[in-house]
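Heads up, the thing below is written out as structure tokens.
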Amino acid sequence: MAKGRGSASWSARAIVALMVVSVLVLQANYAQATPYTVGEAKGWTFNAVGWPRGKHFKAGDVLVFNYNPMFHNVVAVDSGGYNNCKTPARARKYTSGKDRITLSKGQNFFICNFPGHCEAAMKIAVTAV
């Protein structure tokens, strides 16, 4: 049995409505995102490893890394890179000195890969729910 034009246009309207609702839900989640300045007033520096303790992060929250790019950077790494202070080949490196990184759900790992900096605890592990 052939479908009339009415059912096709209803399907198109339903798809458009679903897309609009999806966009609104995504915007609502990002509107609730909380920015966190890593290291607060000290910024992204040595001995940052303990900074996340006691904080409750959500996916979509934003970490703000403030630092002097002549002396530091931020590299998003995996758990192996974090634990061993090694930068994987496909790691994302940030070098602006005012980086804003949106957290993904699960574990997020960041290091400074200037020589000796990660080993001096210039790294953080953040779990976002």
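The values are calculated or read from the model by the stated rules, or taken from the named source; none is laboratory data. A quick note: this is a predicted structure, and the numbers were derived from the prediction, not measured. Because the Cβ atoms are built from the backbone with ideal geometry, glycine has one as well, and the counts that use them run over all protein chains shown.
Of all the criteria given as (1) within 13 Å of the chain's Cα centre (by Cα); (2) more than 22 Å from THR34 (Cα to Cα), the one not satisfied by HIS72 is (1). Among the residues of the range 90-106, is any surrounded by 12 or more Cβ atoms within 10 Å (Cβ to Cβ), under 26 Å from VAL129 (Cβ atoms), of a type outside the set (Asp, Glu) and in contact with a Ser or Thr (Cβ under 8 Å, 6 or more places away or on another chain)? Scanning the range 90-106, I find no residue that is surrounded by 12 or more Cβ atoms within 10 Å (Cβ to Cβ), under 26 Å from VAL129 (Cβ atoms), of a type outside the set (Asp, Glu) and in contact with a Ser or Thr (Cβ under 8 Å, 6 or more places away or on another chain), so the answer is no. Taking strands (runs of 3 or more DSSP E) as the structural unit, no element lying wholly within the range 51-129 holds at least 3 residues that are polar (S, T, N, Q) and modelled with pLDDT of 95 or more.
The set of residues in the range 81-111 being under 19 Å from GLY39 (Cα atoms), in contact with a helix residue (DSSP H, G or I) (Cβ under 7 Å, 6 or more places away or on another chain) and of a type in the set (Ser, Thr, Tyr) is empty.
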